[in-house]
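**Student:** Right, I'll just put the structure down here and ask away after.
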Amino acid sequence: SGASPRYSTGTGGEGSEGAGLASSESGGSGFSLAAAALPERRRPGGGRPRYEVVRELGAEEVRWFYREDRKTWKPFIGYDSLRIELAYRALGAGGPAEPREGEAAAVEPVCVRSGLYEVDVASAESYPVYWNQTEKIPVMRGQWFIDGTWQPLEEEESNLIEQEHLNRFKGQQLQESFDMEVSKPVDGKEAIHSLKLSRNHVDWHSVDEVYLYSDATTSKIARTVTQKLGFSKASSSGTRLHRGYVEEATLEDKPPQTSHIVFVVHGIGQKMDQGRIIKNTAMMRDTARKVEEKYFSNLATHVEFLPVEWRSKLTLDGDTVDSITPDKVRGLRDMLNSSAMDIMYYTSPLYRDELVKGLQQELNRLYTLFCSRNPEFEEKGGKVSIVSHSLGCVITYDIMTGWNPVRLYEQLLQKEEEELEDRWMSYEEQRLLEELYITKQRLRDIEERLHGLKASTISKPPVLKFKVENFFCMGSPLAVFLALRGIRPGNSGSQDHILPRTICNRLLNIFHPTDPVAYRLEPLILKHYSNISPVQIHWYNTANPLPYEHMKPSFLNPTKEPTSVTDSESVSTVPSPTTSPVMVRRHYGESITNIGKASILGAASIGKGLGGMLFSRFGRSSTTTPQTLETGKDGAEGDDKKATTVGTPPLSHSSSGFLEPAVELEHRIDFELREGLVESRYWSAVTSHTAYWSSLDIALFLLTFMYKHDQEDTEKSNLDTI
């Protein structure tokens with residue numbers, strides 16, 4: 001018919017020429033798959049051309065599958081499947097493109113699944129490119145498929161059936177009728193050919209009507225068929241088989257190009273479960289794919305998530321800490337040692353550098369590897385963001401800013417020297433001190449000159465090989481680390497106060513309201529933000545949500561003036577959770593978790609100063625009566641509408657006498673997840689620290705910021721065309 005290379009009158013196997021394997025001696029027509037943008041062939045319902053001849057399956061009719069976590073077989077997309085099949089044929093494992101004599105049979109691994117995995121055709125296994133995984137992922141070549149589910153038959157049986165089919169029917173014409181795809185009962189119809197397998201037999205009722213019957217219900221095929229199709233007796237019913245996959249594989253069916261990569265950095269406790277960050281990143285990637293399909297399908301690019309597993313390569317103290325742990329409490333201690341221990345390692349001058357270097361090298365290694373496999377990424381201005389969790393945020397921050405505790409130590413020494421000069425001392429002491437001062441000065445000069453010589457010959461490479469576009473912190477204790485390093489609120493609303501824009505374009509701090517490890521960053525930049533609630537992250541299914549930059553700040557505690565409350569007053573005016581008035585709910589679904597936040601950390605009572613500033617969020621409890629929604633609108637009515645209007649009172653003279661602050665933040669930094677409807681307070685305090693990975697709300701939030709420029713460009717070009 002000429003409709004596609006599949007329907008030819010010759011008996012040679014075409015379809016292999018498509019990706020550059022021209023098989024001149026196989027009698028092919030030289031028809032190129034890539035050149036002929038094949039229409040996607042869906043078999044059920046779609047008619048077949050008349051007078052089709054039985055011949056070997058074309059590369060586009062075979063479909064390759066992979067199986068993860070012992071679940072069902074998943075088909076590779078057309079682009080991947082076709083390239084695996086061509087590599088398989090080049091290997092000479094059957095099919096038209098046999099390797100010529102003297103040619104090495106070794107075939108390059110095939111890059112699949114958006115470049116994250118490779119397939120080794122010879123061993124029929126797939127493995128990840130960017131991280132290590134102990135479990136290999138099996139791949140399988142599908143030729144015969146089960147009706148309805150389109151799951152492939154096991155390869156051995158499939159090969160036997162295919163061989164038998166070709167021996168018996170090759171060169172014969174298929175029947176003319178278009179409705180052969182409709183399964184007709186074959187009871188009473190004679191089988192024209194039969195093949196006995198180990199536990200089943202296959203009957204051909206015609207060239208195109210092939211059924212599998214089970215001779216023993218223990219058969220693996222029969223079992224899966226019975227489960228899938230719900231037959232009580234697979235043996236009596238038989239299962240219809242199809243030759244060739246439901247869709248033809250085309251090279252056009254390929255994934256979009258990656259325009260943005262996201263490094264996902266784990267926090268503490270990875271010693272406990274090394275594969276955890278890989279699983280978490282996979283959850284985040286799958287969730288992001290769903291969101292991309294729903295909200296960003298109009299964009300031709302896509303965001304890729306790569307796990308950064310930096311912990312398992314480090315030796316640190318070997319097993320010293322292990323050896324000093326008492327036996328009685330080993331179970332619980334093992335958990336603590338492998339999680340809380342990382343924080344202790346990080347504050348230890350001995351191991352801190354090893355942790356920093358471990359993460360830094362892994363980030364650079366991944367970036368270099370990605371660019372070497374995607375050379376056009378940098379040319380086209382690809383961007384890089386980092387998502388860090390827990391302690392990972394602190395280490396990532398220190399790498400980006402180059403912060404080092406040695407600096408603090410030097411400042412301390414200098415302070416001591418100054419104090420020394422101020423006190424009375426004898427003539428001899430003074431003389432020696434002057435001598436010491438001059439010698440130190442001379443030492444500094446020599447060091448600087450030496451450094452100057454070195455710098456002129458070798459310029460110091462940047463710590464990271466890429467600029468960070470967005471730095472997303474999840475469940476992050478960064479704020480408390482910065483506060484303990486002496487950072488205090490300033491009077492400019494710029495992110496530069498804690499992270500210069502030259503190093504990282506945008507800093508975003510995401511947390512669950514009950515996460516016991518997370519702290520707010522905004523009050524470290526401008527103090528009065530401790531009284532302004534974090535921005536609420538939109539629910540994934542909110543219709544037309546208000547863009548984040550248009551959301552106005554809302555007050556946490558309008559009755560309290562932020563600047564003039566003394567310590568004694570602040571303690572006496574905070575009612576206890578039992579006596580406090582019923583609060584107006586800030587948004588539908590806010591659970592009781594707000595009450596008793598302080599009890600989670602027991603920290604709100606530390607008082608003003610550091611405690612008041614850092615723990616403001618946890619001290620919110622029941623005194624928070626944000627002026628947002630009117631009382632009485634607290635039902636399920638108009639959820640979507642409500643979600644868009646949350647937190648929008650203007651920053652003006654409010655009734656409580658909260659004066660309009662002179663300075664606002666350039667960009668909001670603290671973003672809070674909306675709580676679920678039925679969370680128990682204690683349960684969510686335990687689980688909230690790890691609840692970020694599979695959240696659709698967070699996936700949408702991340703992609704909203706990463707696709708910002710792409711969307712603006714698309715909208716602009718649309719306007720131009722209009």
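The values are calculated or read from the model by the stated rules, or taken from the named source; none is laboratory data. Here the structure is a predicted model, which is why all the values come from computation and not from measurement. Don't worry about glycine lacking a Cβ; one is built from the backbone with ideal geometry, like all the others, and counts go over all protein chains shown. Heads up: the accessible areas ignore ligands, DNA and RNA and are worked out on the full protein's heavy atoms, side chains in. Shrake-Rupley method; radii C 1.70, N 1.55, O 1.52, S 1.80 Å.
**Student:** Tell me which residues come under 5 Å, amide H to amide H, from residue 200 once H is placed; ignore anything under 5 positions away on its chain.
**Tutor:** 215
**Student:** Ignoring ligands, DNA and RNA, how do 371, 393, 111 rank by accessible area with a 1.4 Å probe, largest first?
**Tutor:** 111, 371, 393
**Student:** Which of the peptides 192-204, 80-92, 421-433 is most tightly packed, and how do the rest follow, judged by the mean count of other Cβ atoms within 10 Å per residue?
**Tutor:** 80-92, 192-204, 421-433
**Student:** Work out from phi, with θ = phi - 60° and the Karplus expression 6.51 cos²θ - 1.76 cosθ + 1.60, the ³J(HN,Hα) of each residue of region 503-511, listed in order in whole Hz, and give x for Gly and Pro.
**Tutor:** 7, 8, 5, 8, 10, 9, 10, 9, 8
**Student:** Give the Kirkwood hydrodynamic radius (Å, one decimal) of region 404-550, defined as one over the mean of 1/r across all pairs of different Cα atoms.
**Tutor:** 20.4
**Student:** Which peptide among 693-702, 292-301, 509-518, 141-150 comes first, and what is the full order, when sorted by highest mean count of other Cβ atoms within 10 Å?
**Tutor:** On the way: 693-702: 21.3, 292-301: 13.6, 509-518: 24.1, 141-150: 19.3.
Order by mean packing, descending: 509-518, 693-702, 141-150, 292-301.
**Student:** Where only protein heavy atoms count, and the probe is 1.4 Å, what is the accessible area per residue for region 371-443 in Å²?
**Tutor:** 69
**Student:** Starting from one equal scatterer on each C-alpha and no solvent at all, send me the Debye-based log10 I(q)/I(0) for region 343-395 at q = 0.18, 0.29, 0.31 Å⁻¹, two decimals.
**Tutor:** Computed log10 I(q)/I(0) values: -0.70, -1.13, -1.20.
**Student:** Taking a 21 Å limit on the Cα-Cα distance, which of the listed pairs 527/552; 254/708; 294/380; 71/196; 290/467 fall beyond it? Write down the numbers at each step before the final one.
**Tutor:** Values: 527/552 18 Å; 254/708 24 Å; 294/380 25 Å; 71/196 28 Å; 290/467 28 Å.
Pairs exceeding the cut-off: 254/708; 294/380; 71/196; 290/467.
**Student:** Scan around residue 253 for amide H atoms under 5 Å from its own, H built in the peptide plane at 1.01 Å from N, and keep only partners 5 or more places away or cross-chain.
**Tutor:** Long-range HN contacts for residue 253: 79.
**Student:** Separate question: What accessible area per residue, rounded to a whole number of Å², is obtained for region 132-171 using a probe radius of 1.4 Å?
**Tutor:** Averaged over the residues of region 132-171, the accessible area is 47 Å².
**Student:** Then there's this: Round to the nearest 10 and report in Å² the accessible area of residue 305, as given by a 1.4 Å probe over the protein chains' heavy atoms.
**Tutor:** 0
**Student:** Now for a separate question. Using θ = phi - 60° and the Karplus form 6.51 cos²θ - 1.76 cosθ + 1.60, what ³J(HN,Hα) does each residue of region 552-557 get, whole Hz, x for Gly and Pro?
**Tutor:** Couplings: 7, x, 10, 7, 7, 9 Hz.
**Student:** Next up: Give the shape of region 309-451 as rounded, prolate or oblate, defined through the alpha-carbon gyration tensor: a ≥ b ≥ c are the square roots of its eigenvalues, a/c under 1.5 means rounded, and otherwise the shape is prolate if a/b is larger than b/c and oblate if not.
**Tutor:** Because a/c hits 1.5 or more and a/b fails to exceed b/c, region 309-451 counts as oblate.
**Student:** Taking amide H positions as placed in the peptide plane 1.01 Å from N, state which residues far from residue 193 in sequence (5 or more) or on other chains have amide H under 5 Å from it.
**Tutor:** Residues meeting the criterion, in which the H sits 1.01 Å from N, are 204.
**Student:** Using the Karplus curve 6.51 cos²θ - 1.76 cosθ + 1.60 with θ = phi - 60°, work out ³J(HN,Hα) for each residue of region 85-92 in order, rounded to whole Hz, and write x for Gly and Pro.
**Tutor:** Working through the residues one at a time gives 4, 5, 5, 5, 6, 5, 6, x Hz.
**Student:** So between residue 118 and residue 491, what do we pick up on full extension, going 0.36 nm a residue minus the alpha carbon distance?
**Tutor:** 129.0 nm
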